[in-house]
Amino acid sequence: MKKLIETLKNIWSIEELRKRILFTILLVAIYRIGCYITLPGINPNLLALEGSKEGLLGLFNMFAGGAFSRASIFALGVMPYISASIFMQLAGIVIPQIAKMQREDSGRKKINQYTRYLTVLVTAFQASAYVAYLRTQTAGAIVAEFPPFLFWLSTVVVLTAGTLFVMWMGEKITDKGIGNGVSLIIMVGILGRLPESLLQEFAARNLGGGGGLLIFLVELAVFIAVIVGLILLTQGVRKIPLNYARRIIGSTNAAKEVSGARDFIPLKVNSAGVMPIIFAQAIMFIPATIVGFAQNETAQGFVKAMSNPQNLWYNVVYAVLVIAFTYFYTALIFNPTEMADNLKRNNSFIPGVKPGEPTADYIGTIMDRITLPGAVFLAIAGIMPGIAGLLGITSGFASFFGGTSMLIGVGVILDTLQQIESHLLMRQYDGLMKTGRITGRQATASV
């Protein structure tokens with residue numbers, strides 16, 4: 001406790017860090033307030049979007065911090081921006097011109113601008129679909145005096161402006177605050193449901209004959225163990241030894257040449273992050289949606305099985321999809337040939353491996369080997385909420401036993417703590433931990 005108080009004092013004593021933290025808290029508070037401001041023309045007392053808390057819409061609602069189910073001005077959150085960013089990232093793999101732009105500073109600025117323009121188009125499309133959804137699900141909540149066209153136009157404009165404002169806040173947090181702004185906004189929205197879920201689980205155990213306080217404490221212990229496991233999964237790396245034939249250290253006037261320096265390449269066990277789980281969830285909803293239009297009883301049974309996280313076949317298919325998408329997404333973002341070329345340009349080499357293509361093959365082989373356990377553990381993390389629900393835990397609290405929620409939360413918190421620790425160490429304060437440095441998701445980037 002004394003160490004914690006001293007660390008907090010050190011954080012508060014650094015003026016730049018204090019301003020960054022306060023700036024981040026201010027923008028996050030503005031975002032959370034906006035999540036409760038209802039769209040013009042909607043009567044919040046008659047709003048009932050319970051269906052938006054399940055399935056694919058439930059995923060949208062989670063990323064939007066519950067604003068989707070409240071018909072808020074931030075109902076679409078940053079999902080359009082994330083979709084546009086993923087599209088541009090995948091386009092860089094397919095289109096050589098975009099891939100070339102991604103390697104240049106001026107090109108990355110242009111890509112960021114193109115991503116913003118694409119975000120406007122995606123938001124306008126999703127906003128129009130959201131209007132149709134509101135009219136279908138809660139037509140009674142729409143004020144009768146509001147003309148249909150005017151309601152559509154105002155909703156599209158407000159939702160587009162809301163998404164762009166959230167995107168701007170995310171970029172400002174990244175620039176002048178602490179952590180990655182967009183990820184931090186998503187994380188705050190997700191974890192904002194945790195206190196309510198804890199209270200519901202506590203009430204279910206103590207008031208509903210669910211086993212009492214002891215069972216609740218056991219669940220909390222398992223919950224903490226899951227968080228520890230996710231931290232290990234996020235930070236796990238395989239270190240490849242690296243030698244430098246010749247290395248220049250120091251400024252131009254006081255540079256010196258060092259030979260035989262040693263280093264390592266940290267290859268992440270889970271390079272794909274949370275993306276395979278998101279892709280797998282999206283794919284699981286598609287066949288159920290298509291088959292849902294059929295009247296066949298067998299098809300309806302398939303829909304129920306593929307929509308129930310507590311079903312055995314749902315978890316088997318879900319785990320297989322997570323493993324497959326982990327390999328797929330890792331292959332998209334990890335380029336061993338480019339890494340081998342960078343090592344060759346920097347006069348560095350892996351001991352016992354020839355530079356060039358043999359180095360690329362060696363790195364690729366190791367990456368394939370460590371991706372398998374990473375993919376398996378990621379699949380286990382993905383099905384943990386379903387297992388928790390099967391054991392009688394309430395659906396709200398069960399969603400935090402792994403899955404998208406906690407993977408995003410753990411990753412973003414580690415990144416933020418790493419930035420805070422960097423500010424402390426730059427000013428010669430002790431770090432946040434005695435045993436070593438905190439490494440976030442960005443700290444183990446490829447060479």
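Assuming charge only on the beta carbon of Lys and Arg (+1) and of Asp and Glu (-1), the dipole of the stretch 19-178 about its Cα centre is about 580 debye to the nearest 20.
Mind ordering 400-406, 232-238, 341-347 by average Cβ neighbours within 10 Å, highest first?
For the peptides 400-406, 232-238, 341-347, the packing ranking is 400-406, 232-238, 341-347.
Neighbour counts of other Cβ atoms within 10 Å put Phe68, Phe325, Phe23, Phe216 in the fewest-to-most order Phe23, Phe216, Phe325, Phe68.
For Ile142, nonlocal amide neighbours, meaning residues 5 or more places apart or on other chains whose placed amide H falls under 5 Å from its own, are Asn43. Scanning residues 5 or more positions from Ile240 or on other chains, those with amide H under 5 Å from its amide H are Ile265, Leu267, with H placed 1.01 Å from N in the peptide plane. Would you work out which of Gln97, Leu39, Pro80 lies farthest towards the positive end of the dipole of the stretch 19-178? Charges go on Cβ: Lys and Arg +1, Asp and Glu -1. Result: Gln97.
Each residue of the stretch 132-137 is assigned a 3J(HN,Hα), and the resulting list reads 4, 5, 4, 5, 6, 8 Hz, derived from the Karplus form 6.51 cos²θ - 1.76 cosθ + 1.60 (θ = phi - 60°), x at Gly and Pro.
A straight chain from Arg345 to Tyr327 at 0.36 nm per residue would run longer than the Cα-Cα distance by 3.7 nm.
For the stretch 276-283, backbone phi angles converted through the Karplus equation (6.51, -1.76, 1.60; θ = phi - 60°) give residue-by-residue couplings of x, 5, 5, 4, 5, 4, 4, 5 Hz, Gly and Pro being listed as x.
Applied to the stretch 390-396, the Karplus parametrisation 6.51 cos²θ - 1.76 cosθ + 1.60 on θ = phi - 60° returns per-residue 3J(HN,Hα) values of 5, 8, x, 6, 4, 4, x Hz, with x for Gly and Pro.
Here, each number is a calculation from the coordinates, and none is a lab measurement. Being a predicted model, the structure only gives us computed values, none of them experimental. Every residue, glycine as well, gets a Cβ built from its backbone with ideal geometry; the counts of neighbours run over all protein chains shown.
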